[in-house]
Each structure stands twice: as C-alpha cells, then as structure tokens.
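Here the structure is laid out as structure tokens; the discussion comes afterwards.
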Amino acid sequence: MKRKVGVVLSGCGFLDGSEISEAVLTLLALDANDLQAVCMAPTGAQLHVVDHGSRQVVDGERRDVLREAARIARGNIRDLADVQADELDAVVLPGGFGAAKNLSDFAVAGAGAKAHPDVARLLRDMHAQQKPIGAICIAPAVVAAVLGETAHPVLTIGDDAATAAALTKMGAQHRDAPVETPVVDEPNRIVSVAAYMYDARLRDISTGIHALVRSLVELLDGKAVEAPRS
C-alpha cells in the first residue's frame, strides 16, 4: 500500500493562493517517489482575489479557497476540516501568498501570525505523531506560526532577511539556504526549501522540491538525513 502524503493547498495562483508550479512539482515529486498525494484545503473565502495580469486586488470579488485549490487537484481534493493526521504518513505545504493569506495571516500580522485553525490542528497532530512535515517557499511561516513557540523548528525561506527575522521572532531558527537545497530539521522531522522565495529558474525550483520530497522519504524510512551546517 502506498504511503499517503497530505498536500495542503491555499487556493490557485501565487498572488492569492497556492503557487501553481510549486504545487504541481510537489505532486510530481510525490508520484516519482511512489507516494500517494492527498490534496486538501480549508473552506472559506480567500483574503482577497488578485488579478494575476495586473497584479491588482479585484474589489468586491470573493472566491472559496477549497474550490480554487480544486483546480490544481483536478477536483480530487478534500476539505481540510475532515482530514486527520492518523490518515497520513507525512504532509507538505506548497508556497504561494495563499499560505500567508489563507492558511495563516502572516501577510497581515507578520511575526504575530496565527494559522488557520484546521491547519494548526493538522500540523500539531502530525508533529505530535512524529510524522514528517514539508514546507515550501513562504509556507515555513505557517509552520513557525504553529510550532515556533513549542518546537523551535529549524526552517529556511532562502536568504530574505526580513522574513527570516519574523520567523525568528515566532520562535523558529532560520538557516539561509540556496534554492536547490532543503534544510532538514531532523529532530522535529521538518524539511523546508526556499523555491520561489528566490527569483529562480523553474528547473532549480524543481530540483529543490524533489530534494525536499526525497528527504521526507528518508525520514519515513528511518534514515539519517544530514542537515546543512550553519
């Protein structure tokens, strides 16, 4: 039986939801490692809707996070409220501003951010069961919002000093890392990679996400994963 990895989506489109390339590369990497993706998203309205052509907020338009995320999952998606940690072997959060707007309020509250209640529940339960957690791009901020004060996870968002400082204030420990190299917090069983926190080429984003998934597999297999040295 294939091991199941939850993929927590936050909408569709990098300015107001999940970063589509990161989400698709995550699904590809999971499939390449013979893991079954279980896509999920919370229900409820996005913080706002952004026209991805003009990059301007569309006044008066409202979209549901789950319905938008279903576009990426080809409709094979579940309400996050109905998903339990017991069902999963690991979980991954792709990036995109939706992670900071819909999975948490990091985009508004910064270091005072709180995660969506169902996201917080799932991450806390996964961590309590010592099941691996992956976070891509800005999504490590969601992990810090949930586990920063208790687990003090080692995370990366690349080398963005302001965002790194916010994660540190939230209780996390930040490590600079290049786009192709994930940071592995083996004691907490958390892996993060910067992805589009850099203005990087798609092939380099792909390399980093595939490396993140391989690290998750090594954690699931009980193999030691060497974290980059500070």
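The values are calculated or read from the model by the stated rules, or taken from the named source; none is laboratory data. Note that the structure is a prediction, hence the values are computed from the model and not measured. Note that each Cβ is placed from the backbone with ideal geometry, even for glycine, and that neighbours are counted across all protein chains shown.
Assorted remarks:
Rundown of residues vs (1) over 26 Å from Ala85 (Cβ atoms); (2) of a type outside the set (S, T, N, Q), yes/no style:
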site: Arg124; (1), (2): no, yes
site: Ala128; (1), (2): no, yes
site: Ile138; (1), (2): no, yes
site: Val146; (1), (2): no, yes
site: Ala151; (1), (2): no, yes
site: Thr156; (1), (2): no, no
site: Gln173; (1), (2): no, no
site: Ala177; (1), (2): yes, yes
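- Scanning segment 71-87 for residues that are loosely packed, with under 11 Cβ neighbours inside 10 Å and either modelled with pLDDT under 95 or small (Gly, Ala, Ser) (or both) yields a single hit, Gly75.
- Scanning segment 98-115 for residues that are surrounded by fewer than 24 Cβ atoms within 10 Å (Cβ to Cβ) and either hydroxyl-bearing (Ser, Thr, Tyr) or part of a loop (DSSP other than H, G, I, E, B) (or both) turns up Asp105, Ala113, Lys114.
- Failed item in (1) without any contact (Cβ under 8 Å) to a residue 12 or more places away in the chain; (2) more than 17 Å from Met40 (Cβ to Cβ); (3) surrounded by 17 or more Cβ atoms within 10 Å (Cβ to Cβ), with Asn188 passing the rest: (1)
- In segment 128-174, of all residues being without any contact (Cβ under 8 Å) to a residue 60 or more places away in the chain and in a strand (DSSP E or B), the one that is surrounded by the most Cβ atoms within 10 Å (Cβ to Cβ) corresponds to Ala135.
- Scanning segment 43-81 for residues that are within 10 Å of Asp16 (Cα to Cα), outside any loop (DSSP other than H, G, I, E, B) and of a type in the set (A, V, I, L, M, F, W, C) yields Val50, Val57, Val65.
- Qualifying residue in segment 48-70 (condition: surrounded by 21 or more Cβ atoms within 10 Å (Cβ to Cβ) and polar (S, T, N, Q)): no
The rows are residues; the columns are (1) in contact with an Asp or Glu (Cβ under 7 Å, 6 or more places away or on another chain); (2) under 22 Å from Pro182 (Cα atoms).
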position: Val58; (1), (2): yes, no
position: Asp64; (1), (2): no, no
position: Asp89; (1), (2): no, yes
position: Pro94; (1), (2): yes, yes
position: Gly112; (1), (2): no, no
position: His116; (1), (2): no, no
position: Asp125; (1), (2): no, no
position: Lys131; (1), (2): yes, yes
position: Val142; (1), (2): no, yes
